[in-house]
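Working notes for the structure below.
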Amino acid sequence: MSRPTIAGVARAAGVSVASVSRVLNGLPATEEMVERVQRAVEQLGYVPDARARSLKVGRTFQLTLAVADVGNPVYVTMMRAVEEVVSAAGYRLVVTATGPDVVDEVALVRGMARGYADGLLISPLRVDEDLVKSIRECEVPVVVAGNVPAKAGVDTVRANSPKGMLLAVDHLAYCGRTRIAFVNGPADTVPGAARAKGFGDALKTHGLEAVAVTEAADFTFAAGRAAAPELVKQAGFDAVICANDLLAVGLMHELAAAGLDVPGDVAVVGMDDSELAEQSFPPLTSVNLGSAERGRRAAELLLARIDDNDRTPRRIVVQPSLSIRRSTP
């Protein structure tokens, strides 16, 4: 059986091929025309040829989401929110991992010139001048979920990590935990730098000093476990804040192996408030940095940028909240 064609739809609807094309592409048409075409499409089981449509209107109807690690729960949450927004607008979402190196981020942005997507939403782990330049010169609209200099000239949506750190320290101090250690990811990354500064500023607000600061190799569960022995050797702490939930859960595994009770001996706070925070044992107190909200807002900005590339860039900050669970007293 041959595949239904647009000409067949036109015959079944009793209208011209041009009229069918107008309806399928969302162009102005009478209510009666739309009903007749839609009825014929359903009757014949017609599926528009996406490739032909792309060539005709100059769009692929695909958008790219680029994150450092597609396995990180916070990016999964963001991806779901982005997909919900863009699919409702008729776009397919393509997700790709850049890894931790900025050269790979730059290569991906420059590769957008190949025309396989109509826009890019990127959450860069590291930012340098080459990345800023490639974003500024990118041939398709770009929105950054993260923080890049204003000179990049793009829409951005970022978390308020410093405020998130203050919420964590406020909570621990209220619980009587004042000997606070910090497990960060690499400090030369965007989140690592923001959370290190936020941690230091939050301690100063309470007149405290860090008992210990450890920098993990990356932001993974394995890195959290690997960083724990060095921290445990230093002792003297009654609470630990980790730069994300993966580090926090990795740390809690090693604390248990060392015979330390959470939260009896050591209270632990993560950041991101991902699904992992509820699934850990004990359930992890974590700072919610609004990953779903950041994804939604960034997707909306990208769609708006595609419709009007001359818009003034917006820089949105999503505010955090604290989800208290059993890893803190």
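Here are the numbers for this structure:
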quantity: GluC sites (Glu not before Pro) restricted to the stretch 188-238 and DSSP loop, no more than 15 other C-beta within 10 Å; calculated: GLU209
quantity: Equivalent ellipsoid dimensions for the chain as semi-axes, Å, which come from the Cα gyration tensor, largest first; calculated: 48, 21, 16
quantity: Built amide H within the under 5 Å cut-off of ALA216, gap 5+; calculated: ASN184, GLY185
quantity: Estimated [θ] at 222 nm from DSSP helical runs (n ≥ 4, -39500 (n - 2.57)) normalised by residues in the chain, nearest 500; calculated: -14000 deg cm²/dmol
quantity: Selected from ASP310, ASP104, ASP118 as most flexible by GNM, with the chain as the system and alpha-carbon contacts under 10 Å; calculated: ASP310
quantity: Hull shadow area, averaged, the stretch 71-200 [alpha-carbon convex hull, nm²]; calculated: 9.2 nm²
quantity: Packing rank of 292-298, 243-249, 253-259, 318-324, where each peptide gets the mean count of other beta carbons within 10 Å, highest leading; calculated: 243-249, 292-298, 318-324, 253-259
quantity: Karplus-derived 3J(HN,Hα), 6.51/-1.76/1.60, for each residue of the stretch 231-240, Hz, glycine and proline x; calculated: 5, 4, 4, 6, 6, x, 10, 10, 7, 9
quantity: Rg over Rh, two decimals, the stretch 243-306 (C-alpha only, Kirkwood Rh); calculated: 1.21
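Quick note: the coordinates plus some simple rules give every number you see, no bench work behind them. Note that the coordinates shown come from a computational prediction; the quantities given were computed from them, not determined experimentally. Cβ sites come from the backbone with ideal geometry, for glycine too, and all protein chains shown count toward neighbours.
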